[in-house]
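Below you'll find the structure, written out as structure tokens, and then a few comments.
What follows is calculated from the coordinates using simple rules that are stated; it is not laboratory data. Treat the numbers as computed from the prediction; the structure is a model and nothing was measured. We place every Cβ from the backbone using ideal geometry, glycine too, and count neighbours over all the protein chains shown.
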């Protein structure tokens with residue numbers, strides 16, 4: 001199965017309130033490591049050193065300091081287009097977090113709107 005399809009299945013299986021996703025990626029052919037690294041720049045993949053897995057991918061859902069789902073999908077589709085096979089494994093999923101925003105001095109309509117957005 002292609003990496004893009006595997007990633008999409010993982011994302012589709014997550015609950016709607018997921019916020020952070022950590023994936024590990026290993027490519028099948030280590031001689032294509034540099035070529036794969038170039039494709040993974042789009043999603044800021046973090047390389048492991050001296051490990052059986054090659055990269056850690058951090059994915060954010062609606063907010064956060066990680067790559068967006070479309071960026072990760074683009075990187076993985078570049079690997080698929082270049083026939084670089086690999087394996088994805090979910091390491092951690094965080095859910096139920098909301099962004100913290102300073103509300104001091106804001107009108108109640110803004111506060112209520114942010115409360116409704118974060119309650120979804």
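Hey, in the GNM for the chain with a 10 angstrom Cα cutoff, which one of 22, 35, 52 fluctuates hardest?
Result: 52 has the largest fluctuation of those listed.
Percent antiparallel among DSSP beta bridges with both residues in segment 3-119, to the nearest 5? Working shown, then result.
Values: 17 of 19 bridges.
Of those bridges, close to 90 percent are antiparallel.
Tell me the label-point distance for the pair residue 16, residue 106, using the 7 Å Cα-to-Cβ offset, in nm and rounded to one decimal.
Inter-label distance under the simple model: 2.1 nm.
Taking the Cα-to-Cβ direction at residue 29 and at residue 95 and moving 7 Å from each Cα, how far apart do the two end points lie in nm?
Between residue 29 and residue 95, the simple spin-label model gives 3.8 nm.
Run the numbers on the chain and let me know its relative contact order in percent, using alpha-carbon pairs under 8 Å that are six or more apart. It would help to have the intermediate numbers written out before the result.
Numbers: 165 pairs, mean separation 44.9, N = 120.
Computed over the chain, the figure is 37 percent.
Go ahead and run the numbers for FRET between residue 9 and residue 81, Cβ-Cβ distance against an R0 of 22 Å, rounding to 0.05.
Working: r = 19 Å, r/R0 = 0.86.
Calculated value: 0.70.
Run the Debye formula on the Cα coordinates of the chain, all scatterers equal and no solvent, and tell me log10 I(q)/I(0) at q = 0.10, 0.12 1/Å.
-0.37, -0.50
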